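Step one of this worksheet: look at the structure below.
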Amino acid sequence: MFTTTPAPNFTQTRIPDDLFAAINTLKQELNAVILAHYYQDSDIQDIADFIGDSLELARKAANTKADVIVFAGVHFMAETAKILNPDKLVLLPDLNAGCSLADSCPPEAFAAFKADRPEHLVISYINCTAEIKAMSDIICTSSNAVKIVNQIPENQPIIFGPDRNLGRYVMEQSGRQMELWQGACIVHENFSEKKIVQLKIENPEAEIIAHPECEPPVLRHADYIGSTTALLKYSQSSSSPAFIVATEPGIIHQMQKQTPHKRFIPAPPNNNSCACNECPHMRLNTLEKLYLAMKNQTPEISMSEDLQLAALQPIQRMLEMS
């Protein structure tokens, strides 16, 4: 089973005035690499050695020569890094940085779902726990899901999980029928179609760009649909002067850095609490927590060798097929 080293209370540890300098010093001392997802706070993105989406970060984790991997992301991402690097120290700044999508797919329930469909090949989105990965035949990301499904023989039935929206999008793009696990991401399922349409009316020059984890009513309005990295690249290549961005707004930091002359408008959620739609799990990580994790070399991600080996095989298949 998956385990984590408990995080001691380091509230008495002095936080340096210059966290960027202190983190860079620790990085050299530990021979550490900092991997950060696009949905992290902008300060964390700016201190990271590599920024990317799930596929890019999996590749970086698989190829790193560092002794310590500090993963500024959520739990399943740090797990993936540990699966690919069982002998390295993998740190997650905040162990509570989970994932609503991963939580929507309990291992026991998914095992029963799979057992009822013994002839099916299991393709699982990387946003899942190590236990779900271990039950899978192939892992995919939003960047490569269509490409991977298109490589499966047409007569092979497929289970796709845990995200129903990404699965539905892949079916549309590939023409393949699949059995979908009914999981979803709280960020991407909560965008407001009505508010996005209103934003488009107010900003007619803006293109709507959306992640395929979004609900179908939002995707219907999108001028472009793609993974986080694909959205970033599209915002650079498109001639549009403005974009309504229907994914976690952390990516806007990179979009603005790459094309400062363009405008980026975060798509709003259904609730009235804010104008954007931040992932509460991603935002648990802070620059201070990242420093403390490196300084104290905890909280550490660990798991049994059996689980690590079982989860490694479908990830390796993904990397080979990508």
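The values are calculated or read from the model by the stated rules, or taken from the named source; none is laboratory data. Keep in mind the model is a prediction, meaning the values are calculated, not measured. Neighbour counts run over all protein chains shown; Cβ positions are idealised from the backbone, glycine included. Ligands, DNA and RNA are excluded from the accessible area calculation, which covers all protein heavy atoms including side chains. Shrake-Rupley method; radii C 1.70, N 1.55, O 1.52, S 1.80 Å.
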query: Taking the stretch 16-38 as the region of interest, how many residues are at pLDDT below 95 and either within 29 Å of SER304 (Cα to Cα) or open to solvent by less than 60 Å² (accessible area, probe 1.4 Å) (or both)?
result: 1
- request: Inspect all residues belonging to the stretch 255-270 and state whether any of them is closer than 30 Å to ALA22 by Cβ and either crowded, with 19+ Cβ neighbours inside 10 Å or of a type in the set (Val, Ile, Thr) (or both).
  value: yes
query: Here is a list of conditions, (1) closer than 20 Å to ASP103 by Cα; (2) without any contact (Cβ under 8 Å) to a residue 24 or more places away in the chain, and VAL187 meets all of them except one; can you say which number that is?
result: (2)
message: Condition check: touching a residue at least 24 places away in the same chain (Cβ under 8 Å), surrounded by fewer than 24 Cβ atoms within 10 Å (Cβ to Cβ) and farther than 29 Å from LEU287 by Cβ. Does LYS114 satisfy that?
response: yes
- request: Name every residue in the stretch 70-127 that is in a helix (DSSP H, G or I) and farther than 30 Å from VAL33 by Cα, in order of residue number.
  value: PRO107, GLU108, ALA109, PHE110, ALA111, ALA112, PHE113, LYS114, ALA115
message: Being open to solvent by 50 Å² or more (accessible area, probe 1.4 Å), outside any helix (DSSP H, G or I) and modelled with pLDDT of 95 or more is the filter here; which residues of the stretch 272-297 pass it?
response: GLN297
statement: Counted residues in the stretch 264-284 being farther than 19 Å from CYS128 by Cα and touching a residue at least 60 places away in the same chain (Cβ under 8 Å) come to 8
message: Looking for something over 17 Å from PHE76 (Cα atoms), hydrophobic (A, V, I, L, M, F, W, C), open to solvent by less than 30 Å² (accessible area, probe 1.4 Å) and out of contact with any strand residue (DSSP E or B) (no Cβ under 6 Å at 6 or more places or on another chain) - is there at least one such residue anywhere in the stretch 298-321?
response: no
